[in-house]
Amino acid sequence: MLPQVKVGVGCFVVRRVAGATQFLLGERHGGLSPGLWGLPGGHLEFGEQWSDCAQRETHEECGVNIADWRHVATTNDIFENSHYVTVFMKAEFDAERMRVKLAEPHKCKQWIWVSWEEL
């Protein structure tokens, strides 16, 4: 049997601070990239819409409820032993109504806000 293609959803949670755009990054403990930084996100479940997956994953990982997601990019990544299609979604973070929390500390060490320039 051939290996299966997996579909992931990466979530750009963005906020504006003093005119600059920042997005949320987490330092991972496990999964595909232990010790590395990554966006909130995860695997698309059978029958799930991309936006529903983004909403579910950001709630599970960061404790925030964001409903207004839009598609921004898709990648097709073929590695030696795996094949991923990753759908990237973007949503605005409302700092007046929301707080980010470490909802899955066994998977993620911390969440930080960074700008493109800081990368």
Report summary line: Once the in-chain neighbours fewer than 8 apart are removed, the lysines whose Cα is under 26 Å from residue 101 read 90, 109
Report summary line: With the convex hull built on the alpha-carbon atoms of region 67-113, volume per residue in Å³ sits at 132 Å³
**Report entry** Among 69, 10, 25 - extreme Cα towards positive end, dipole of the chain, charges at beta-carbon
**Finding:** 25
Report task. For an R0 of 22 angstrom, estimate the FRET efficiency from the Cβ-Cβ distance between residue 96 and residue 59 and round to the nearest 0.05. Result -> 0.75
Report task. Return one whole number: the accessible area per residue of the chain in Å², for a 1.4 Å probe. Result -> 64 Å²
Report task. Return the distance in nm (one decimal) between the two label points of a simple spin-label model at residue 36 and residue 17, each offset 7 Å from Cα along Cα→Cβ. Result -> 2.5 nm
Query raised in the report: residue 104 to residue 27: extension gain in nm, 0.36 nm per residue of separation minus the Cα-Cα distance?
Result: 26.6 nm
Report summary line: For P(r) over Cα pairs in 5 Å bins from 0, in percent the list reads [x] 2, 11, 20, 24, 22, 13, 5, 2, 1, 0, 0; [y] 2, 6, 6, 7, 7, 6, 6, 5, 5, 4, 4, 4, 4, 4, 4, 3, 3, 3, 2, 2, 2, 2, 2, 2, 1, 1, 1, 1, 0, 0; [z] 2, 11, 18, 21, 18, 12, 8, 5, 3, 2, 1, 0; the calculated value is entry [x]
Requested in this report: Once you have a ≥ b ≥ c as the square roots of the Cα gyration tensor eigenvalues for region 15-58, tell me rounded if a/c is under 1.5, and otherwise prolate or oblate according to whether a/b is larger than b/c.
Outcome: oblate
Query raised in the report: How far, in nm, would the chain grow between residue 118 and residue 81 when pulled straight, counting 0.36 nm per residue and subtracting the alpha carbon separation?
Result: 10.1 nm
Query raised in the report: Quick one: putting +1 on the C-beta of Lys and Arg, -1 on the C-beta of Asp and Glu, what dipole do you get for the chain around its Cα centre, in Debye to the nearest 20?
Result: 200 debye
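The values are calculated or read from the model by the stated rules, or taken from the named source; none is laboratory data. As the structure is a computational prediction, the values presented were derived from the model and not from experiment. Using ideal geometry, Cβ is built from the backbone for each residue, glycine included, and neighbour counts are taken over all protein chains shown. Please note that ligands, DNA and RNA were not included when accessible areas were found on the heavy atoms of the full protein model with its side chains. Shrake-Rupley method; radii C 1.70, N 1.55, O 1.52, S 1.80 Å.
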